[in-house]
Amino acid sequence: MEIFYARRKHMPSWPQPDGFDTLAVLDHRTLPDGLPLIVDERMQPVEPLCSWFRSLAYARKQPETMQSYAYIARRLAAFLAERGTDVLGATEADLVAYRTSRTELDERPVDAPTFDKEAVVINSLYTHLVDQGLIKRRPFRLVGRNQTRSSLHSGTKRGMQIRHITVEQYLFFRDVGFGGALPDGSIDETFRGWAPNRGRAGLELALLTGMRLQEWSTLLLPELGEDIRRPGEPVVFELQKCAKYELPREVYVPPAALDMVDHYVLLERPELVEVSARSLARRHKDLFVVSEVDHEQGRLHGTLEGRRRKMLMSAMDPDLRRRTVRETDSGVEPLAAFIGHGGQMLGPSSWDRIRKDAWRRMRRYSAEPGVPILPVKPWRFHDARHTFALQLLKYLDRLRLQQEARREQPRKLVTLAEHHALNPVLTVQRRLGHLRTSSTYEYLRYSEDPMNYVDDAFREWSAHDGATYAEIALRALESERKESADASAR
C-alpha cells in the first residue's frame, strides 16, 4: 500500500483519463489539498480508509494531522492483511496483537504513551465505521470513567516534557549557537553560518512571546507592524489559523524581540529576497500577490488564482502564507518574515537543521571557561516557550503576593472577573493558547529549580564529625584496602 496526497498544483502534469477532469472532481467534492489517499498494488483506493480521510477533511482536520493519521492507518491495514483480515473484520485479539507488535516486537518498539496516540487514531477510525453503519460495534471495549478510551490504551500518563533555560544558557544558545560569536562575545572570523541573525530573531520571538514554532515561523511582515510601527513600540496581533487547534488568541511582541527581527530584516533578508525574485516570478500564477495592506482590519488585498481576494491575515493557513508575495520595483518579494533560498518560507525541517547546526557549534565550545553547563539532550525552540511560561508564571505570582502584602486588610470576596484577570495560571494559559488549564498547571511543578532545594536542604549535612561525605567515602575505601592487604599477608 502506498500513500499519496491531493495536490492541485501537480494535477496539470498528471495524465488524465479521457473525459475526466481531476481538478473538477476535487472542487466538486470540496476535497482540500493534503488529503491522504491510500492505494493498493493496483493503484485502487483502499476503503474504508479513504472515505474516513474525506470525513476528517470535512471536519476541518489539518493536513499535517491527517498525514500522521495516514501512516498509522497504513501500518495497521498492512498488519491486519498479514493476519488475513482487514479493518472491517478485525477482532479485539487482532488489535491487541498489533499493540504488542508496536510496543514489544518491532525492531524499534515504541513506549506506551506513544502507542496511546495511535490508539486514539484507531478509536477515531472505528467510531467512523460504526457511525457509517459499516460495522455494528467497535472490536474493542471502551474504558475509563466517561468511556472515552479504548482497551488498547496503556493507561500510562506522561506529563509535559518541560525544560527551562537559564539566562546564561539562553544567551549562549542565541549568540554563540545561532549568532556565530565566540564564548567571550568576540566575533568568530571562521564562522560560515548562513543568516545568523535570522536564527537569533526566531529564538528571541519564541522566548519573548511564548509562540510555538509554527506560529512564529509563519509570521508575515505586516503582522509585525511593518511600515506602521515606530522604533521602541511593541506589536499586538491576532493569531488563529496557525495556532494549535486553531484557538484564537492575542499575541504581544515586545520591542526587544522586534529589534532582533529588524536586524535580520535590514541585514540579511534583502539578499535572500534578491536571489529569490526570479524563482518566485516563474511561479507567479500560483502566488497570492498582495497589492494593499489594511492594517486597521488586519487584511491583505490582492490576487489569488486570477481572482481578487481580501484575506484576513489571522485566517491564513501556513500554505497560503508561503505563497503570499508583493510586487516591488526590484521584482517579486515574499511577504513572509522568515525566508530561505528561493524565497520559500522556512518549514519545520529547515528550522530543525538550523537548530542542530547551532547545537553542534555550542558543543564545540562547551569546555571553554565561563561556558554554562549544557544538557545532554539538545535544546529545542519549544524550550524557549517553556522558559517564557515559567518566567511569566513566577513573575505574576510574585506580583500577586506583593499586592496582597500591601493591602491593610485582606479581601474576603473575589469576583469571577477578578479571579480570571488576576490568577497567574489563567493569565499564562491565555498567553500560551492552551486548550486546557491542566496543561498550564504542569508548569507549577517547575516554577522553582528542585536542585536548589536539594542543595540547600543538605548543605548542613555535608559535614559529619568534621568530615565531608567525600572524605568519609575515601576513608572507608582506604580502610577496606588495608583490611584486604592484612588478610593477604596472613
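Net length available on complete extension from Leu266 to Ala405 is 45.3 nm, with 0.36 nm assigned per residue and the Cα-Cα distance removed. From the square roots a ≥ b ≥ c of the eigenvalues of the alpha-carbon gyration tensor of region 161-440, which class results: rounded (a/c under 1.5), prolate (a/b over b/c), or oblate? Oblate. Taking amide hydrogens as placed 1.01 Å from N in the peptide plane, the amide H of Val235 sits under 5 Å from those of Val253, each at least 5 positions away in sequence or on another chain. Loop-resident trypsin sites (Lys or Arg not before Pro) (DSSP state other than H, G, I, E or B) in region 73-148 with no more than 13 further Cβ atoms inside 10 Å of their Cβ: Lys136, Arg137, Arg141, Arg145. Annotation: extensible slack from Ser55 through Asp294 equals 82.5 nm (criterion: 0.36 nm per residue apart, minus Cα-Cα distance).
Label-to-label distance, Val130 versus Ser101, with points set 7 angstrom from Cα along the beta-carbon direction: 2.4 nm. For region 118-208, GluC sites (Glu not before Pro) are listed when DSSP marks them as loop and at most 16 other Cβ atoms sit within 10 Å of their Cβ; the list is Glu189.
Rg and Dmax of region 332-385, based on Cα coordinates, read 14.8, 47 Å. Of the trypsin sites (Lys or Arg not before Pro) found in region 162-247, those in coil by DSSP whose Cβ has at most 10 other Cβ atoms within 10 Å are Arg192. Quick note on region 228-361: its Rg to Rh ratio, both from C-alpha atoms and Rh being the Kirkwood radius, is 0.96.
So if R0 is 45 Å, what FRET efficiency would Asp329 and Val167 give, r being the distance between their Cβ atoms, rounded to the nearest 0.05? Intermediate values should be presented prior to the final figure.
Working: r = 43 Å, r/R0 = 0.96.
Approximately 0.55, to the nearest 0.05.
Every read-out reported here was derived from the displayed coordinates using simple, explicitly stated rules and does not represent laboratory data. Given the structure is predicted, the values throughout are model-derived calculations rather than measurements. For neighbour counting, all protein chains shown are included, and Cβ atoms are generated from backbone atoms with ideal geometry for every residue, glycine included.
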